[in-house]
Amino acid sequence: MFFDILQSRCAEMGIKVTPLLDELGLSRSAIARWKSGTLPNGEVLLKLAARLDCSVDYLLGLTEKPEVNR
């Protein structure tokens, strides 16, 4: 579920997942772990959410609204 949401959000923003991981200094092997259902740690979630301009809750599937409450 997490990877599907991440992939969808990346597509909405015109970003590919692998270059995003490179940009954030994350391991490309994370993709395989995320596809199998493993969730990233809090630090990684925060980096991804900040770069993709969405909330961590959105990436985790806890809300359908990507907006961050500011």
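The values are calculated or read from the model by the stated rules, or taken from the named source; none is laboratory data. Values in this document were obtained by computation on a predicted structure and should not be read as measured data. Reconstructed Cβ throughout: ideal geometry from the backbone, glycine too, with neighbour counts over all protein chains shown. Note: areas computed on protein heavy atoms with side chains; ligands, DNA, RNA excluded. Shrake-Rupley method; radii C 1.70, N 1.55, O 1.52, S 1.80 Å.
Condition check for Ile31 on (1) touching a residue at least 12 places away in the same chain (Cβ under 8 Å); (2) open to solvent by 50 Å² or more (accessible area, probe 1.4 Å): one failure, at (2). Residues that are without any contact (Cβ under 8 Å) to a residue 24 or more places away in the chain and open to solvent by less than 30 Å² (accessible area, probe 1.4 Å) within region 6-17 comprise just one, Val17.
Per the listing Leu39, Leu20, the residue uniquely surrounded by 11 or more Cβ atoms within 10 Å (Cβ to Cβ), of a type in the set (A, V, I, L, M) and in a helix (DSSP H, G or I) is Leu20. Which pairs have Cβ atoms under 6 Å, sit 6 or more apart or on different chains, and link a residue in region 45-64 that is more than 18 Å from Lys35 (Cα to Cα) to one that is open to solvent by 30 Å² or more (accessible area, probe 1.4 Å) and acidic (Asp, Glu)? Cβ pairs passing all conditions: Thr63/Asp57.
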